[in-house]
Amino acid sequence: MDINIRIAGEAGQGLQTAGDLLVEAFASIRLHLLSTQSYMSRIRGGLNWYDIRISDHELFAPRDDADLLVALSDNALQELRGSMMPEGLIIYDGEAEGTLTIHFDDVAKKVAGNAIMGNAVAAGAVFGLLGYDVQHLVDYLGTVFKQKGEEIITKNAACARKGAELVASKSGLLKAPPGNDGSDYVADGASAVGLGACTGGVKFVSAYPMSPSTAVLNYMASMTEHYSVLVEQAEDEIAAMNMACGATYAGVPAMTTTSGGGFSLMVEALSLAGMLELPVLVLLAMRPGPATGLPTRTGQEDLFPALHAGHGEFPRAIFAPGGLPEAYDCTRQALQIAHKYQSPVFVLVDQYLVDMHRNIPPLDPTYRPIDLMIDRTAGPDYVRYALTESGVSPRAIPGGEAFVLVDSDEHNEEGHVTEDLSVRVKMVDKRLRKGEGMVAEALPPTYYGAPEAEHLLICWGSTYGACREAVDLLAERGQSLGLLHFSQVWPLNPDQITPHLQWRDRLTVVEGNATGQFRSILAMQGLAMGAELMARYDGMPFTAREVMRRLGHE
């Protein structure tokens, strides 16, 4: 059993606050929950909405339709009324047929003398309509407004209780799930990535704010004192990437966060990291392009850019977590691979994953830094780019007895500029040999669903949740479907993948872009040849129903 609550209105009407209040309050009564946001690229106005899906079982993806719509504007009512379930209910801040009328701001003025507390009225009405004890919401209000004093807490609590009172006669019209074994720990994608980086030992973050990556930057800025992280807002993305290169040269674990056109500006310095063999971690939060595109929407359009960006040839690894625990784990793994192989490494996320909230088992906040693989015993005979069988040269940092010479030109083992063409070939081969080790350590894809399924969905990154729910829903109908999810999309190890593909009758790659970028990468490796493409590129995330409909099952 699950209920999808949609709070909709214009930017500036308090949707974010109302949604956040409900998310935390629902988690406190041990409901399983998943929340997503859809918002326009403007400070005021437009149509935005905040979905909160609650259930008595674990949730992995959003829904298209809503059971309860809280419409804060006429535009929200008119545009979203058609997405309601047949037995759904609407609370409207106005007068309209078939709706429950509550003027949230007016109620807040009467109860607390301040219209700004209208979102507490709305949250209370939702609790009351679903039949939950509003005291759980009141208790959370006491926590969230603790720093603002008793008067603010008391007024918000009164507004929440009034909201519940106004819908008391309708309580129970929607069959709401009971709270049971859901976690009271709530995380979002930004905090999961940021915590993974902080606990992994990142000490320097350089970035220029750009949605949706800014959420990760903001989280890490909030952790500066707890994890001793220095966060620098650079003047532009070119400077941000160069700063990260400088920090890693000095031995400081560093990362940069960016999105869209910001990454385009970083490309020359990314190539510099490849030539200097620096372990720079890049958090690339994807959004629909080209150019400014849809800056506040979601998509998976930057896989090719991450794979091919930078002039010349140098190894890299690309991770794409499918959910919050994976976002934490993949960030730590990406940082370790970057330092082990002294190469740039990417973590690809998107707006949907960055903004998604779920209650999950707590992520480990313990500081457990990765091994930086630095040779602190290097002496005067040290050479930075020693030719090795693995391609990985011993890494020392400046400041000790070793002379650590690096250069953006092609160089010899000592790091001196060279135009000796035989040395050039040796150095290219050395750098590329590191890719062999990366392949050997690649994370294998994970299989979910019926082992004998003849039809296999293939997905990467955040499309995992919708595909997983589709597999489960079809299984309930007695239909067999398998799912192969990739949380590392480069490099790939064919030995880990081929056994899952060999005997399937039908393969469908599900991804949030128009051209099937991951399907093309699989084909480049001689894998999943002839696979169908299920593409979505309207700026919205996949849902289970969308996947099922596109497969012809609904």
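The values are calculated or read from the model by the stated rules, or taken from the named source; none is laboratory data. Computed from a predicted model, the values in this text were never measured in an experiment. All Cβ positions, even for glycine, are placed from backbone atoms using ideal geometry, and neighbour counts span all protein chains on display. Each accessible area value is taken on the protein alone, full model and side chains, heavy atoms only, with ligands, DNA and RNA left out. Shrake-Rupley method; radii C 1.70, N 1.55, O 1.52, S 1.80 Å.
Things worth noting here:
- A Cβ-based charge dipole, computed about the Cα centre of region 292-340 with Lys and Arg at +1 and Asp and Glu at -1, lands at about 120 debye.
- Candidates Ser264, Gly246, Pro325 compared by Cα position along the dipole of the chain: farthest toward the positive end lies Pro325, with charges placed on Cβ.
- Cα-Cα pairs of region 1-157 separated by more than 20 Å (percent): 47
- Distant-in-sequence amide H partners of Met210 (H built 1.01 Å from N, under 5 Å): none
- R0 of 35 Å, Cβ-Cβ distance Asp495-Met85: FRET efficiency to nearest 0.05: 0.15
- Listed values [x] -0.23, -1.28; [y] -0.40, -1.36; [z] -0.49, -1.25, entry calculated as log10 I(q)/I(0) by the Debye sum over Cα atoms at q = 0.05, 0.13 Å⁻¹: [x]
- Basic side chains Lys and Arg get +1 at the Cβ, acidic Asp and Glu get -1 at the Cβ, and with that the dipole of the chain about its Cα centre reaches some 540 debye.
- Cα-centre dipole for region 401-447 with unit charges at Cβ (Lys and Arg positive, Asp and Glu negative), debye to 20: 320
- Taking amide H as placed 1.01 Å from N in the peptide plane, Leu100 has its amide H under 5 Å from the amide H of Ile90, Ile91, Tyr92, each at least 5 places away in sequence or on another chain.
- Remark on region 414-517: ratio of C-alpha radius of gyration to 2.2 N^0.38 Å is 1.53.
- Positive-end extreme of charge dipole, region 369-512 - chosen from Ala378, Pro499, Pro444 (charges on Cβ): Pro499
- The chain, accessible area per residue, ligands and nucleic acids excluded (1.4 Å, Å²): 40
- Within the chain, percent of DSSP bridges classed antiparallel, to nearest 5: 40
- Dividing the mean sequence gap of close Cα pairs (under 8 Å, 6+ apart) by how many residues region 301-393 holds gives a relative contact order of 26 percent.
- Residue-wise HN-Hα couplings along region 405-411, as the Karplus relation 6.51 cos²θ - 1.76 cosθ + 1.60 with θ = phi - 60° gives them from phi, are 9, 10, 7, 6, 6, 4, 9 Hz; Gly and Pro carry x.
- Based on DSSP H segments of at least four residues, each scored -39500 (n - 2.57), the chain has a per-residue ellipticity at 222 nm of -11500 deg cm²/dmol.
- Using a probe radius of 1.4 angstrom, the carbon and sulfur fraction of the accessible surface of region 318-467 is 55%.
- With a threshold of 23 Å on the Cα-Cα distance, the over-threshold entries among Lys109/Lys148; Lys109/Lys146; Lys203/Lys426; Lys340/Lys430; Lys340/Lys426 are Lys203/Lys426.
- Span-rule helices in the chain, defined as complete DSSP H runs reaching 27 Å or more along the axis (Cα) with Kyte mean at least -0.5: 421-440
- Net charge over other residues, Cβ less than 10 angstrom from the Cβ of Asn119 (K, R count +1; D, E count -1): -2
- Contact order normalised by residue count of region 75-197, Cα under 8 Å, 6+ apart, percent: 22
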